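Take a look at the structure below.
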Amino acid sequence: MGNRQSAVTGVDRATCLCFHAQRAARSLARRFDEAFRPVGLTNGQYSLLVALNQTGPVSIGGLAEALGMDRTTITAALKPLTRQGRVSIAADPADKRNRRVALTKIGHAALAAARPLWQATHREIEKLLGPAAPDRLREDLRALF
């Protein structure tokens, strides 16, 4: 792979922020996917459950906004969680045209089971980054959104 600059695109992988961010995101996703495997969740599903736990029942659009995702992606991601009984999707009582997503008892239990796995994995990653780096990284990443 190396650090060669592509003559066609002019992109230098050694300095391309997008390349490094994507590669780091994939690495983090794999670590958390592996950690959550015993409870039958992926890192994306865990993030959805956490968001629903924090927001309470919310519209699909509201959930998408909270997670910085588009509605289509959220709708697809909710399907397995709905089949597993971890979330429910129902018509909004105030406006039957809208649907609201809520965490179920099974979803709360899955979240509770996954939490210690998240904590342990998170601690491991923070150790790799060093004492001050995690806070700095979060601050730097927030500057991008």
Can residue 75 be described as without any contact (Cβ under 8 Å) to a residue 24 or more places away in the chain and of a type in the set (Ser, Thr, Tyr)?
yes
Can you list residue pairs whose Cβ atoms sit under 6 Å apart, with the first residue in the range 1-22 being within 25 Å of residue 141 (Cα to Cα) and acidic (Asp, Glu) and the second being part of a loop (DSSP other than H, G, I, E, B) and modelled with pLDDT of 75 or more? Count only pairs 6 or more apart in sequence or on different chains.
none
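Based on this model, can you work out whether residue 65 counts as assigned to a helix (DSSP H, G or I), charged (D, E, K, R) and more than 20 Å from residue 142 (Cα to Cα)? Show your work before the answer.
On the way: assigned to a helix (DSSP H, G or I): yes; charged (D, E, K, R): yes; more than 20 Å from residue 142 (Cα to Cα): no.
Taking the combined requirement at face value, the residue does not satisfy it.
Just a yes or no: is a residue in the range 46-53 open to solvent by 70 Å² or more (accessible area, probe 1.4 Å) and in contact with a His (Cβ under 9 Å, 6 or more places away or on another chain)? Walk me through how you get there before you give the answer.
Restricting attention to the range 46-53, the residues satisfying the condition of being open to solvent by 70 Å² or more (accessible area, probe 1.4 Å) are 53.
Next cut, in contact with a His (Cβ under 9 Å, 6 or more places away or on another chain) only: 53.
There is at least one residue in the range 46-53 that is open to solvent by 70 Å² or more (accessible area, probe 1.4 Å) and in contact with a His (Cβ under 9 Å, 6 or more places away or on another chain).
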Give the number of residues within the range 79-114 that are part of a helix (DSSP H, G or I) and either within 11 Å of residue 49 (Cβ to Cβ) or open to solvent by less than 60 Å² (accessible area, probe 1.4 Å) (or both).
12
Being under 17 Å from the mean Cα position of the chain (by Cα) and either open to solvent by 100 Å² or more (accessible area, probe 1.4 Å) or over 20 Å from residue 31 (Cβ atoms) (or both) is the filter here, so list the residues in the range 124-145 that pass it.
142, 144, 145
From 120, 114, grab the single residue that is touching a Leu at 6+ places or on another chain (Cβ under 6 Å), of a type in the set (Gly, Ala, Ser) and in contact (Cβ under 8 Å) with a residue 60 or more places away in the chain.
114
Given the conditions (1) in a helix (DSSP H, G or I); (2) small (Gly, Ala, Ser); (3) modelled with pLDDT of 95 or more, which single one is not true for residue 21?
(3)
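The values are calculated or read from the model by the stated rules, or taken from the named source; none is laboratory data. Because the structure is a prediction, the values reported are computed rather than measured. Quick reminder, even Gly has a Cβ in these numbers, built from the backbone with ideal geometry, and neighbours come from all protein chains shown. Each accessible area value is taken on the protein alone, full model and side chains, heavy atoms only, with ligands, DNA and RNA left out. Shrake-Rupley method; radii C 1.70, N 1.55, O 1.52, S 1.80 Å.
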